[in-house]
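Trainee: Quick one: this structure, given as C-alpha cells, is what I'll be asking you about.
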Amino acid sequence: MNPNAYDFEVVWMTSGTRGTPHAGALARSNPGLICHTWTAPETGMDGWRNCDRNIREWWRANGPACGASRILFLEYDVLVTCDLLELFPVADGCNGFQGAALKLPVRDGRSFRPFEETDRLPGPMRGSACGIAPLAVAMLTVDALDAVADPAFDSLFAADIFSELRLATLVSWCGYSCEGHAGLAQVTCGPVPHPGESQPGIYHAVKGGAA
C-alpha cells in the first residue's frame, strides 16, 4: 500500500506494561501507515471509565504536528488484519466520529448503561446524549478533535463520566456526526480468541496470541 494513500494515522492507546501486542499485524496488513503509541499511567477503574481523556490528551499534545485529516485510535487489544482503507475510505463522508455501534437514548436507553450518567453532563448537552461503544476503535476527524480539545471543556473531562457517553455526546453537541460502522461488527466488549491472520478483519478484545 502506498503510504500516501492514507489520509489518517493510527494511535495505539495503551497503559502500564500492556504494550502494543498486535502492532505487528497492523503493520503487515497496512504497510506504510503511520502509527503512534500513547502510554497512559495505570489508573485503575477511573482510567478505564474515563479513557476518552487519553484521546483528548494525545491530540492536544500532538495535533499541531499531525498532517492527517483523521486519526484512528485503537486500544492495545485490538487486532487488525485487513486493509483499513477498505473500512475507512478517504471519501466516506463522515465529519466527526465513527465507531463500532452508535447508541441512542430512544433505542438503547435501557440496554446501554452509560445513559444512566446523562445527568452528569452539562445541562445544555443532555439533549445531544449518545454513545459509541465500545470505544476500542474510534475514528475522529481533526475538526472534531479540535472541538473536543477546546479548553472550554476542561471541566467536563475532569468529571467522572463514562467515556463512551461523554465523547460521543460532546462530538454531537459540537455539531459533528457520530456514526456506527457496519464493518466493525467484530469489535465487541467481551474477549475473543485470536482468529489468526488468514481471516482479514478488525477484532476486539483479543487478549491472547502473538501477532
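Trainee: Whole angstrom only: what separates the Cα centroid of segment 74-98 from the Cα centroid of segment 131-172?
Mentor: About 18 Å separates the Cα centre of segment 74-98 from the one of segment 131-172.
Trainee: For segment 163-170, just list the computed ³J(HN,Hα) in residue order, Karplus coefficients 6.51, -1.76 and 1.60, θ = phi - 60°, integers in Hz, with x standing in for Gly and Pro.
Mentor: Running phi through 6.51 cos²θ - 1.76 cosθ + 1.60 with θ = phi - 60° gives 4, 5, 8, 5, 5, 5, 4, 5 Hz.
Trainee: Now, a different point. Rounded, prolate or oblate: pick one for segment 1-113, where a ≥ b ≥ c are the square roots of the eigenvalues of its C-alpha gyration tensor, a/c under 1.5 means rounded, and failing that, prolate if a/b is larger than b/c, else oblate. Write out the running numbers ahead of the final one.
Mentor: Values: a/c = 1.60, a/b = 1.19, b/c = 1.35.
In terms of gyration-tensor shape, oblate.
Trainee: Using amide H atoms built 1.01 Å from N in the peptide plane, name the residues 5+ places from G201, or on other chains, whose amide H lies under 5 Å from its own.
Mentor: T81, C82
Trainee: Going by average Cβ neighbours within 10 Å, how do the peptides 156-169, 32-45, 53-66 rank, with the highest at the top?
Mentor: Highest-to-lowest ranking by the protection proxy: 156-169, 53-66, 32-45.
Trainee: Do me a favour and compute the ellipsoid semi-axes for segment 1-54 from its Cα gyration tensor, root of five times each eigenvalue, largest one first, whole Å.
Mentor: Details: eigenvalues 142, 30, 10 Å².
After diagonalising the Cα gyration tensor, the semi-axes are 27, 12, 7 Å.
Trainee: Still on this structure, I have one more. Return the long-range amide H neighbours of A101 (sequence gap of 5 or more, or a different chain), with a cut-off of under 5 Å between placed amide H atoms.
Mentor: It is A133, H181, by chain and number.
Trainee: Which entry is the computed percent of Cα pairs over 25 Å apart for this structure: (i) 40; (ii) 34; (iii) 46?
Mentor: (ii)
Trainee: Okay, next question. Give a residue-ordered list of calculated ³J(HN,Hα) values for segment 93-99 (Karplus: 6.51 cos²θ - 1.76 cosθ + 1.60, θ = phi - 60°; whole Hz; x for Gly, Pro).
Mentor: x, 8, 10, x, 9, 10, x
Trainee: Per DSSP H run of n ≥ 4, the term is -39500 (n - 2.57); total these for the chain, divide by its residue number, and report the mean residue ellipticity at 222 nm rounded to 500 deg cm²/dmol.
Mentor: Working: 8 runs with 55 residues, N = 211.
Result for the chain, helices only: -6500 deg cm²/dmol.
Trainee: Amide H to amide H, which residues 5 or more places from S177 or on other chains are under 5 Å from it, using H placed in the peptide plane?
Mentor: Excluding prolines and chain starts, which carry no amide H, the hits are N95, G96, F97.
Trainee: Now, a different point. Could you rank the peptides 92-101, 11-20 by their average count of other C-beta atoms within 10 Å per residue, with the highest value first? All intermediate terms of the calculation are to be shown ahead of the outcome.
Mentor: Numbers: 92-101: 18.7, 11-20: 17.1.
Result, highest mean first: 92-101, 11-20.
Trainee: Grab the other residues whose beta carbon is less than 11 angstrom from that of Y176, score K and R as +1, D and E as -1, and report the net. Could you put the intermediate results ahead of the total?
Mentor: Values: positive: none; negative: D143, D146, E179.
So the surrounding residues net to -3.
Trainee: If each residue of separation counts as 0.36 nm, what is the full-extension length gain between E57 and I34 once their alpha-carbon separation is subtracted?
Mentor: 6.4 nm
Trainee: Spin-label point model (7 Å from Cα, Cβ direction): what's the A5 to D83 distance in nm?
Mentor: Output for this residue pair reads 0.4 nm.
Trainee: Where a ≥ b ≥ c are the square roots of the eigenvalues of the C-alpha gyration tensor, would you call segment 54-168 rounded, which needs a/c under 1.5, or, failing that, prolate if a/b is larger than b/c, or oblate? Before the final figure, lay out the partial values.
Mentor: Numbers: a/c = 1.87, a/b = 1.28, b/c = 1.46.
It is oblate, given that a/c is not under 1.5 and a/b is not larger than b/c.
Trainee: Could you please report the charge total around F115, scoring K, R as +1 and D, E as -1 over all other residues with beta-carbon less than 14 angstrom from its beta-carbon? Intermediate values should be presented prior to the final figure.
Mentor: Numbers: positive: K103, R107, R110, R113, R120, R126, R166; negative: D108, E116, E117, D119, E164.
It works out to a net charge of +2.
Trainee: Considering only V106, C130, A147, whose Cα is most displaced toward the positive end of the charge dipole of the chain, charges sitting on Cβ of Lys, Arg (+1) and Asp, Glu (-1)?
Mentor: Farthest along the dipole direction, towards plus: V106.
Trainee: What list of ³J(HN,Hα) couplings, whole Hz, do you get for segment 54-59 from phi and the Karplus terms 6.51, -1.76, 1.60, once you set θ to phi - 60° and write x for glycine and proline?
Mentor: Coupling constants for segment 54-59: 5, 4, 5, 5, 4, 5 Hz.
Quick note: the coordinates plus some simple rules give every number you see, no bench work behind them. Note that the structure is a prediction, hence the values are computed from the model and not measured. With ideal geometry, Cβ positions are generated from the backbone for all residues, glycine too; neighbour counts draw on all protein chains shown.
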